[in-house]
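Student: Pasting in a structure now, in structure tokens, and then I'll have a few things to ask.
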Amino acid sequence: MAQHDNKTVAEILARVADLMEIRGDNAFRVRAFRRASQAIENLAEPVSSMLEAKTLSDIPGIGAGAVARASQIVESGTCDDLVQLEKDLPKGLFEMLRIGGLGPKKVKLFYDELGIADLDALETAARAGHLAALPRMGAKSQAKILDEIEAFRRRSGRIPLGVALPQGHAIVEVLRALPGTERVDLAGSCRRGRETIGDLDVLVAADESQEAMDCFVNLPAVAEVMLRGDTKCSVRLDSGLQVDLRVLEPASFGAALHYFTGSKHHNIAVRDRAKRKGLRISEYGVFCESTNERLGGASEEEIFAAVGLPFIPPELRENRGEIEAAEAQKLPRLLEAGDLRGDMHLHTTDSDGKADAVTMVRHAKSLGFDYVAITDHSFGLPVTQGLDAAGLVAQRERLRRIQEEVGGIEVLAGVEAEILADGSLDLPVDVLREQDWVIASVHSGFSMGSEEMTARVIAALDSGVVDCLGHPTGRLLGERDAYAIDLEAVLQAASRAHVAMELNAAPSRLDLNANTCRRAREVGVPVVISSDAHALEQLGALELGVTTARRGWLESKHVLNSWSYEQIQAWRAQRLP
Ligand code: DGT
Ligand code: CA
Ligand code: CA
Ligand code: ZN
């Protein structure tokens, strides 16, 4: 950890030097910061112990000024010079410095000559050929900059919740096992269950911060310590994910958990509310504005109680009506994982699944499900070697036998049928009508325009045999955007045609998203949370779907697979005479 400490201080001093150079500061001053950075990077001893022993200024290249900065950085993770530079220079320049091959000289050149102050402007200028004309530049360096911007964007993009969450849980688990930690929790967008995560935020309650911080920066998954102060540090994991850790006194843990869970807009609304009551809320607690008396902060409940509200679940904290609902005692009783009674979308070896039907059904039973729908692909999706009409009928017979054999679980003979380009389905309607559960999905022709796609999907819903629209937007997080479709029109059609909407809980999909779930609730269309399992271990993996549904304000009554088998049959019977 000591080495990380030195590296952090050295990096911040080098950053200060770079930014001073861009600002046009005296070259000697810039050089002094660079020299100090170098000297600290090469230290054999931890900079913090040398500060304590007052031996740091003995090192060549480190003067009194550098000692003062180093001590600030060790204490707070930053220094006055950096804070001032952050005020003086456009924020975008900092990001430009993170582009491979771009040092302060080039950034200054682009900024001074062309007024380029952020990545977007840099990219535009490069594409327009404006960089190549500058001194010491050329077409080759210009092309390289475009490549590097692209690479940077790939690296620094938001990470799907399902990728970030396990990494967060692993860190929390290690920190919880330390003797000195009283509480360890994830905060930030991860705790709110956002579908993608910018960085992870981990909070630790402990009387003393060193133990947790040392453990954290030395985790095997840590690739780089980006910043280390007394109670806060930031690292980048090998996976590319950035993690912020903060250590707090147990007495302010609730206040900090509330503050760092966010969202920012929720925090602002809660703080405004506190102000109107003569209170002040910070990450340290709730205080009386006039007397400064501390009124609480050990738990989040205390924060909410101080402003006269019941506890608001993290998933709702987006300032999208949750404060008003809490005030009126009208918060939803959000769906919980234990409410789900079955999984309604999974594949077997009859199409592109890895396990056979009987294995999947047995596993579903062992998970405690009351029912399970086997929904293999149909033959219209050739890559999956799906079922044709005869194959589907044969599978239905087999599933009836499996249900008897396994017992204690209802097995629905389902299918995931293709919605063809014209909106028809790839299996005859009279065959589909005999199935117990029909999902219809779009797996082809993603590039059609919104009007055509919307009409295509609505035609499928109007077939009368579809129970559920599968992954309604086709998006793949971080990989493929949603196809163009008017979801509002689709929801209205689903309501009319008595069709449910899937919330596909596969980590790469989360489709429907939370906003559309909330809209489905308003329109009265039931949501089905499904795993889309293609392998045994994916069956019943519905947690991310539950989180997304909670962010969409869904209660168990809005989620079809929290209903009993009989309720589902009754719902279908309203459409299928
Ligand atoms: P992310 O990381 O982009 O996925 O989103 P968050 O929400 O995790 O944002 P992050 O990591 O920048 O900050 C964590 C929380 O800290 C954020 O949700 C609310 C709180 N916070 C951060 N900056 C501010 C601020 O300027 N004002 C207020 N009121 N809260 C803030
Ligand atoms: Ca975050
Ligand atoms: Ca953060
Ligand atoms: Zn599927």
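Student: Greater than 27 Å separation of Cα atoms is the criterion. Which listed pairs, 264/330; 232/277; 87/144; 7/105; 54/108; 105/144, meet it?
Tutor: Over 27 Å apart, Cα to Cα: 232/277; 87/144; 54/108.
Student: Roughly how big is region 1-53's charge dipole about its Cα centre, with Cβ charges of +1 (Lys, Arg) and -1 (Asp, Glu), in debye to the nearest 20?
Tutor: Result for region 1-53 is approximately 260 debye, rounded to the nearest 20.
Student: Report the FRET efficiency, 1/(1 + (r/R0)^6), for residue 444 and residue 271, where r is their Cβ-Cβ distance and R0 is 56 Å, rounded to 0.05.
Tutor: So, using R0 = 56 Å, E works out to roughly 0.70.
Student: DSSP loop (so not H, G, I, E, B), at most 14 other Cβ within 10 Å: list which chymotrypsin sites (Phe, Trp or Tyr not before Pro) in region 216-312 pass both filters.
Tutor: Counting only loop positions with at most 14 other Cβ atoms within 10 Å, the chymotrypsin sites (Phe, Trp or Tyr not before Pro) in region 216-312 are 311.
Student: Over region 469-577, what is the mean sequence separation of C-alpha contacts under 8 Å (at least six apart), divided by residue count, expressed as relative contact order in percent?
Tutor: Answer for region 469-577 is 24 percent.
Student: Shifting gears a bit: With a cut-off of at most 16 other beta carbons within 10 Å, and DSSP calling the residue loop, which trypsin sites (Lys or Arg not before Pro) in region 331-397 qualify? Please list them.
Tutor: Qualifying residues, ordered by number: 333, 354.
Student: Counting only C-alpha contacts under 8 Å and six or more residues apart, can you give the relative contact order of region 254-327 as a whole percent?
Tutor: Result for region 254-327 is 33 percent.
Student: Can I ask one more? Loop only per DSSP, at most 14 neighbouring Cβ atoms within 10 Å: give me the GluC sites (Glu not before Pro) in region 422-489, ordered by residue number.
Tutor: 434, 479
Student: So how exposed is residue 498, as accessible area in Å² (1.4 Å probe, rounded to 10)?
Tutor: 40
Student: Keeping the other protein chains in place, figure out the carbon and sulfur percent of the accessible area of the chain, with a 1.4 Å probe.
Tutor: The value for the chain is 50 percent carbon and sulfur by accessible area.
Student: State to the nearest 20 debye the size of the charge dipole of region 337-573 about its Cα centre, where the only charges are +1 on K and R beta carbons and -1 on D and E beta carbons.
Tutor: 600
Student: With an 8 Å cut-off on Cα pairs and a minimum separation of 6 or more residues, tell me the relative contact order of the chain in percent.
Tutor: 9
Student: Mind listing the phi-derived Karplus ³J(HN,Hα) values for region 523-528, rounded to whole Hz, using 6.51, -1.76 and 1.60 with θ = phi - 60°, and x for any glycine or proline?
Tutor: 3J(HN,Hα) across region 523-528, in whole Hz: 7, x, 9, x, 10, 10.
Student: Measure of size requested: the Rg and Dmax of the chain, with Cα atoms as the atom set and Å as the unit; please supply both.
Tutor: Answer for the chain, Rg first and Dmax second: 28.6, 90 Å.
Student: Hey, got the dipole for the chain? About the Cα centre, +1 on K and R Cβ, -1 on D and E Cβ, debye to the nearest 20?
Tutor: 1380
Student: Another question, then. ³J(HN,Hα) across region 141-147 via Karplus (A = 6.51, B = -1.76, C = 1.60, θ = phi - 60°), whole Hz, x for Gly/Pro?
Tutor: My calculation for region 141-147 gives 5, 5, 5, 5, 4, 4, 4 Hz in order.
Student: I'd like the orientation of helix 487-497 relative to the chain: the angle between its Cα long axis and the longest Cα principal axis, in ° from 0 to 90, rounded to 10.
Tutor: 20
Student: Whole-Hz ³J(HN,Hα) for each residue in region 422-432, computed from phi via Karplus 6.51 cos²θ - 1.76 cosθ + 1.60 with θ = phi - 60°, x for glycine and proline: what do you get?
Tutor: 8, x, 7, 9, 8, 10, x, 4, 6, 6, 4
Student: Averaged per residue, what accessible area in Å² does the chain show with a 1.4 Å probe, protein chains only?
Tutor: About 44 Å² of surface per residue is accessible.
The values are calculated or read from the model by the stated rules, or taken from the named source; none is laboratory data. These numbers come from a predicted model, not from an experiment. Heads up, the Cβs are rebuilt from the backbone with ideal geometry, glycines too, and the neighbour counts pull from every protein chain shown. All accessible areas refer to the heavy atoms of the entire protein, side chains included, with ligands and DNA or RNA removed. Shrake-Rupley method; radii C 1.70, N 1.55, O 1.52, S 1.80 Å.
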